[in-house]
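A short reminder: the numbers here are calculations on the coordinates, not readings from a lab. Bear in mind that the values here come from a model prediction, so they are computed numbers and not experimental data. For neighbour counting, all protein chains shown are included, and Cβ atoms are generated from backbone atoms with ideal geometry for every residue, glycine included.
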Amino acid sequence: MRFTDKVQFYKLNDHYDPDNPSGEPVKVGETVANVTHLGLTRAQQLFGDIDTDRLVVRLIKPYGIDWDVLTVNGGDTFYKLQTGVHPLKIMGFIVGETQNE
């Protein structure tokens, strides 16, 4: 498994912040990951629909900082956690595309 993607983690503002009046998500960190698309058949089995673009994100080690959304390779699309898997060696989770408000 190759860890060639960069994943950026963001925290959302749920109240007004004078340091960030636009309300943009604040970047809290970045790490390398293995990112693949969740197949249509598997998305149907797990979630019952295929309307949302979902990714499987695998990290070499757990990411300990609290986050709300993430982007992949500096893209404009934000993904929100839908489910996680925490085995002994590689941390993984499934994220779904979300609208950034």
Using a 7 Å offset from Cα along Cα-Cβ at Thr36, what residues in the stretch 55-83 end up with backbone N under 11 Å from the label point? 56-58
By how many nm would the segment from Lys6 to Ser22 lengthen if fully extended, with 0.36 nm per residue of separation less the alpha-carbon distance? 3.2 nm
Expected sort for Met91, Met1 with the fewest Cβ neighbours (10 Å cutoff) up front is Met1, Met91
